[in-house]
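One structure is given below, encoded as structure tokens.
The numbers here are math on the coordinates, done by the rules we state, and not lab data. Quick caveat: nothing in here was measured; it's all calculated off a predicted structure. Here the Cβ positions follow ideal geometry from the backbone for every residue, glycine too, while neighbour counts run over all protein chains shown.
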Amino acid sequence: MRMNFLGSCELVVSACGMIDDASESAASVFAMSVGALKGQLLLNRLDTSSREQLRALWREWSQPSTPLRAGSEHALTALRADGSLVPSLAVFRLCGEDGRLSLRLQPLADQPSLNDSQLPESFHDALTGLPNRRGARELIEASLQMGTPVGHTVSLVCIDLDNFRSINEGYGHDVAEEVLRCVGTRLRQRGQGLGRVCRSGGDEFLVIRRSDRSEDEMRRLVPQLMRAIQEPIEVCGETLIVTASVGVATHDCAGGSFDALMQRAGHAMSRAKRLGRNTWYFAARDPIPCLQHQAIKTRLYRALEQGRLALHYQPIVDLRSGELRAFEALMRWNDEQLGEVSPARFIPVAEESGLMGALGSWTIEQACRQSAAWRSAYGASRPIAVNISAVQLQRGEFEEDLRRILDAHAIAPGMLQLEVTESALIHDSAHLACMSQRLRELGVGVAIDDFGTGYSNLLYLKHFHPAKIKIDRSFVQTILSKDEDRAIVRAVIDMAHAIGARVVAEGVESGAVGRMLRDLGCDEAQGYHFARPGPAEALEAWLVRADP
Ligand code: C2E
Ligand code: MG
Ligand code: MG
């Protein structure tokens, strides 16, 4: 058979399983050129289970009682040149006398049903004409099943209109429907370059994007979508402004399910709501499985009630004198069923389940109690730095709680520091700038934690006036081996000093790193090299050593 007789996505395979010929489109399924594909064993271009399956089919077809029927269809997964997988439908027929086979390979995600204009009616929303939740499920599952080159991802943007109920109640059903139609149209128009737009129900829209581009791109595109929604909507002589809270979850293409992605995007969206609405939030890359999330939530609630949480403390030292400057309080939870659960794991769950306010107050209370205990035992204490979640800062009662606890334990405000992560700063910079000023007036210093891992700009920093900037350990730990990281650390130190903040390096694990930091002008450090976090009793030697 000659090339120009080959149909779209067609391969010709010899009786011994070698690819004799291929159309351009078939070669592109394997991300290879026709020349490179020819001469290869078909089995070597399939994933392991498809290989087994094809071997079995070949055995079957070699039996006179079960010859290959023309048009016989089988699901096979093609292995692309870069190692990624493409689930496909293979249609076989015999071609010629010599036992050669022809097979047409159609990637499942290219099946016509996945074009949203061709989704069945029941997969569409009647009001906006967009695919509905069922349609979205179909589109996402096809995207997740289809393999793509390494680095490709499927992102789900979950958009929920803020206070939509007030439009329904204040202006009536017809106006509310018109608003939904208008938002649907805007998203479809402005979101075109971004992905497929669906209305999953009520006032919730989804945008599905399959892309090789990074999360950074989504971080630029999502605010554009939000601005499109926010433009005034003229309806029945009224001008309405609608805002939305947006959650984004991203999944590597291989594996995963609609429900898992939807759950993460939904959680991220709820978090955006709690961050004050009219904002967006990206779900963490490492998802907590649903069941575990539920178990953590239930057990954490009980642990808090029954006093089974603890604070450990890690010394923060002055890099020049080696003296103790402060302690950082870190939450510890050892659950009888779940074992030791890291705060990096349970804090996000607490934030999502409304537990963070209570958990956060407990931490401040506990730290102040410890400070008072050290003061009475050693005549002096050291400031304790407490980590604060952005969710806590949003709570109206935060400042009042703080003052009450400081008073109750007679703790001078200067003995308490609050650590807020850089990402909290981005989500609500205006609110945090005001809050930071009030805390400064009160005398409580605020530090920016994990600096370098978020995307804050210098303007945020200027308005925030942090007392300290803590450089994330991902930069610190490589300053000896990576010139760029050393340059970043040096720049952060200079910048922090320029705005009057002290600099603390996190995660110092060796003396050499500590010395390098000191030479770069860094003020303080914490890390395993100096001491691991430990229970208060284990740190008493530090207090005895410290000057009052
Ligand atoms: P963080 O505030 O950046 O805390 C520093 C983390 O680095 C701690 O992890 C600490 O144990 C660890 N660490 C300290 N020195 C070293 C070192 O030399 N090498 C390495 N590899 N790690 C070091 P931990 O205790 O697992 O806490 C993780 C994060 O959880 C904290 O990061 C903080 O963001 C959060 N967290 C902990 N306690 C609380 C809390 O009470 N409230 C809130 N909102 N968040 C908390
Ligand atoms: Mg911290
Ligand atoms: Mg940190």
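Excluding Ile471 itself, calculate the net charge of residues whose Cβ lies under 13 Å from the Cβ of Ile471, where each Lys or Arg counts +1 and each Asp or Glu counts -1. Spelling it out: positives minus negatives among the neighbours equals -4.
Other residues within the sphere of radius under 12 Å centred on the Cβ of Ala377, judged by their own Cβ, net out at -1 (K and R +1, D and E -1).
Report, to the nearest 10°, how far helix 343-352 tilts away from the longest principal axis of the Cα atoms in the chain, using its own Cα long axis and a range of 0 to 90°. The two axes meet at around 80 degrees. Please list log₁₀ I(q)/I(0) at q = 0.09, 0.13, 0.14, 0.15 Å⁻¹ for the range 311-545, using the Debye equation with identical point scatterers on the alpha-carbon positions. Here log10 of I(q) over I(0) equals -0.36, -0.79, -0.92, -1.07.
Near Gln63: Cβ cut-off under 15 Å, other residues only, Lys/Arg at +1 and Asp/Glu at -1. The net charge is +2. Its Cα centre serving as origin, the range 317-476 has a Cβ charge dipole (Lys and Arg +1, Asp and Glu -1) of approximately 580 debye.
Rg ratio for the chain: its Cα radius of gyration over 2.2 N^0.38 Å, N being its residue count, equals 1.23.
Along the axis of the charge dipole computed for the chain (Cβ charges of +1 for Lys and Arg, -1 for Asp and Glu, origin at the Cα centre), the listed residues Ser270, Phe346, Ala541 are led at the positive end by Ala541. Among Ala373, Met516, Ile167, pick out the residue whose Cα is farthest towards the positive end of the charge dipole of the chain, where Lys and Arg carry +1 and Asp and Glu carry -1 on C-beta, about the Cα centre. Of Ala373, Met516, Ile167, it is Met516.
Just to be sure I understand: of the beta bridges DSSP finds with both ends in the chain, what percent are antiparallel, rounded to 5?
Working: 65 of 90 bridges.
Here the antiparallel bridges make up roughly 70 percent for the chain.
Overall, the range 9-107 carries a charge dipole of about 140 debye about its Cα centre when +1 sits on the Cβ of Lys and Arg and -1 on the Cβ of Asp and Glu, all other atoms neutral. Basic side chains Lys and Arg get +1 at the Cβ, acidic Asp and Glu get -1 at the Cβ, and with that the dipole of the chain about its Cα centre reaches some 500 debye.
How large is the helix-only mean residue ellipticity at 222 nm for the chain, computed as the sum of -39500 (n - 2.57) over DSSP H runs with n ≥ 4, divided by its residue count, in deg cm²/dmol to the nearest 500?
Values: 20 runs with 224 residues, N = 548.
Rounded to the nearest 500, it is -12500 deg cm²/dmol.
To test your reading of the geometry: what angle, between 0 and 90 degrees and rounded to tens, separates the Cα axis of helix 483-498 from the longest principal axis of the chain? The two axes meet at around 40 degrees.
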